[in-house]
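In what follows, a structure is listed as C-alpha cells, so that the remarks can point back to it.
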Amino acid sequence: MTATVTPGAVTAVDGPPGRGRLPGPRLRGGPLLSWVTLGLAGLVTVVALLAPWLAPHDPVQSAGELYAPVGSGGHLLGTDGIGRDLLSRTLLGLRTSWLMALAIVALGLLAGGVIGLVAGAFGGWVDAVLMRITDLFLALPGTLVAIAVAAALGSGLGNTFLAISVVWWPFYARIVRGEVRALAARPHVEAARMAGVGRTRLIVRHLLPGVVPSAVITASLDVGSVVLVLASLSFLGLGQSAPAPELGADTSRALPELLAHWWIPAIPGLAVMALSLVANLAGDAVRDLLARDGR
C-alpha cells in the first residue's frame, strides 16, 4: 500500500499483497457506506472496551454443563469441554486481539513516522543511516522474525506485543520518508525554504500535514494484518497463556474437538475472520473518504 499526496489531493494505490492487507474489492456505494463501515469498526472498539462488563459469565470458570451446543439456555454460543461460556471467552479474546492490533499499528506508525520524517527532512548521512537500518528490517521476513522474538522471550501478551512491534515500524518509515522527499520538491516548500523558514517549522507546518493522509491510510489498512499475525502467534502457543481467553489460542487448543464439537474451535476462528474483515473494510473506507475529500 502506497499513497501519493499532492496539495489538495489524496490518491491511494494498493501495494503488494504481502503486507498491509489481502487483495480484494474496494468499497462501493459512496460516502454513506464508508461511514457505516467506520461506524461498525467503532462499534467493535466499543465492544472490545466494554467486554469485561458485557461478558455474561466468568470466561475462565465453568458456567454450566459441558459441551452445551450453540443456542442452549443461558449460553448463546455454547460451552467448551470444561463448561466455560464461549460467548464470554470470545468477547474477552476479541478485546485482546482488537485493542492490541490498534496499539501495535499506532506504535509502529509513531516510531516509523518519526524515523521517516527525520530521514526525509534532513537527508544526507542521516537519511542514509536511518534508511539502511530500515532496509535491514525490511529484508527480513517479518512474521518469522516476530515468531522468533516471541519464542525467545516466552509466551505472554507483553512479549507478543513487543515481538510484532519490532517488525512493524519499517514499512511506515519508508512510506513517510518517500512522501517527505516528494513534498520537499514542491514549489510551496521550496519557497518556504528560500524565505528562511527554520527546519523545525518547515517540518511541522509544510511537510507533516502532507504526510498525515497517506500515513493514516497505510495504518488503517494494516490493522487486519496485525489481527491475523496476533492470532497466528497465539495459535502457535506464543500468545497469552491458558486459561486466559485469546482467539488464536482458543482455536488451537480446541482443534482436537473439531469433529465431535465443531463450535468450540470454529467460534474463535470465525471471530478472527470477522475482525480482520471489519478492519480491512474500515481501512478501505478511510482511504475512500480521504481520497474523496482531496478531490
Some residue of the range 73-90 being surrounded by 14 or more Cβ atoms within 10 Å (Cβ to Cβ), part of a loop (DSSP other than H, G, I, E, B), among the aliphatic types (A, V, I, L, M) and on the phi < 0 side of the Ramachandran plot: yes
Inter-residue pairs, beta-carbon under 6 Å, first more than 23 Å from Arg201 (Cα to Cα) and open to solvent by less than 40 Å² (accessible area, probe 1.4 Å) and in the range 117-135, second among the polar types (S, T, N, Q) and modelled with pLDDT under 95, 6+ apart: none
Subset tally (residues that are crowded, with 22+ Cβ neighbours inside 10 Å, touching a residue at least 24 places away in the same chain (Cβ under 8 Å) and β-branched (Val, Ile, Thr)) for the range 241-285: 3
Whichever residue in the range 28-72 is in contact with a helix residue (DSSP H, G or I) (Cβ under 7 Å, 6 or more places away or on another chain), aliphatic (A, V, I, L, M) and closer than 16 Å to Gly283 by Cβ and, among such residues, is surrounded by the fewest Cβ atoms within 10 Å (Cβ to Cβ): Leu40
Members of the range 226-240 that are part of a loop (DSSP other than H, G, I, E, B) and open to solvent by less than 10 Å² (accessible area, probe 1.4 Å): Gly239
Residue that is open to solvent by less than 40 Å² (accessible area, probe 1.4 Å) and modelled with pLDDT under 90, where the choices are Pro213, Pro141: Pro213
Yes/no for Val223 being at pLDDT 90 or above, open to solvent by 10 Å² or more (accessible area, probe 1.4 Å) and at negative phi: yes
Selection within the range 183-204 - under 30 Å from the mean Cα position of the chain (by Cα) and crowded, with 17+ Cβ neighbours inside 10 Å: Leu183, Ala184, Ile203
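The values are calculated or read from the model by the stated rules, or taken from the named source; none is laboratory data. Computed from a predicted model, the values in this text were never measured in an experiment. Here Cβ is always computed from backbone atoms with ideal geometry, including for glycine, and neighbour counts include all displayed protein chains. The protein model used for the area step is the full one, side chains on, heavy atoms only, and it has no ligands, DNA or RNA in it. Shrake-Rupley method; radii C 1.70, N 1.55, O 1.52, S 1.80 Å.
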